[in-house]
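Here is the structure we will look at.
The values are calculated or read from the model by the stated rules, or taken from the named source; none is laboratory data. Everything quoted here is computed from the prediction, not taken from an experiment. Using ideal geometry, Cβ is built from the backbone for each residue, glycine included, and neighbour counts are taken over all protein chains shown. With ligands, DNA and RNA removed, areas are computed over all heavy atoms of the protein, side chains included. Shrake-Rupley method; radii C 1.70, N 1.55, O 1.52, S 1.80 Å.
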Amino acid sequence: MNNSTRLHLGCGHRHLPGFVNIDQDPLEHVDHVLDIKDLSIFENGSVDEIYSCGVIVYFDRFQIKDVLKEWNRVLKVGGKLRIS
């Protein structure tokens, strides 16, 4: 049984099976409608993998440090961050 938590941040119209799909728009397949800068619904070290495609460019150089710090907060030690 696989109990891993995998987040797809800023999923938009793309649904990834096996991931918790998160976006600011309330699309049909979105599991949580929220701003991906604030992952406070997840505990520290509770996420195995974060995947984010095409959204990192929306953060300016002043925001990016805090965004990555928040994403790192929820990742387990040895967790995977995939940004494209």
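Data for the structure
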| item | result |
| --- | --- |
| Average accessible area per residue (Å²) across the chain - probe 1.4 Å, nucleic acids and ligands excluded | 66 Å² |
| Value of D in µm² per second that Stokes-Einstein yields for the chain, Kirkwood Rh from Cα pairs, at 20 °C (1.002 mPa s) | 166 µm²/s |
| Amide hydrogen neighbours beyond the local backbone of residue 20, cut-off 5 Å, H modeled | 6, 7, 8 |
| Antiparallel content of DSSP bridges confined to the chain, in %, to 5 | 0 percent |
| Leading residue at positive end of dipole, the chain (Cβ point charges), from 9, 59, 72 | 72 |
| Net charge, residue 45 excluded, C-beta distance under 15 Å - Lys, Arg +1, Asp, Glu -1 | +1 |
| Protection proxy ranking of 13-21, 43-51, 56-64 - average other beta-carbon atoms within 10 Å, highest first | 43-51, 13-21, 56-64 |
| Length released on extending from residue 66 to residue 53, taking residue separation times 0.36 nm less the Cα-Cα span | 2.9 nm |
| Average Cα contact separation per residue, the chain, under 8 Å, 6 or more apart, as relative contact order % | 29 percent |
| Fraction of accessible area attributable to carbon and sulfur, the chain (%, probe 1.4 Å) | 50 percent |
| Cα-centred dipole magnitude for the chain, charges only on beta-carbon of K, R (+1) and D, E (-1), debye, nearest 20 | 420 debye |
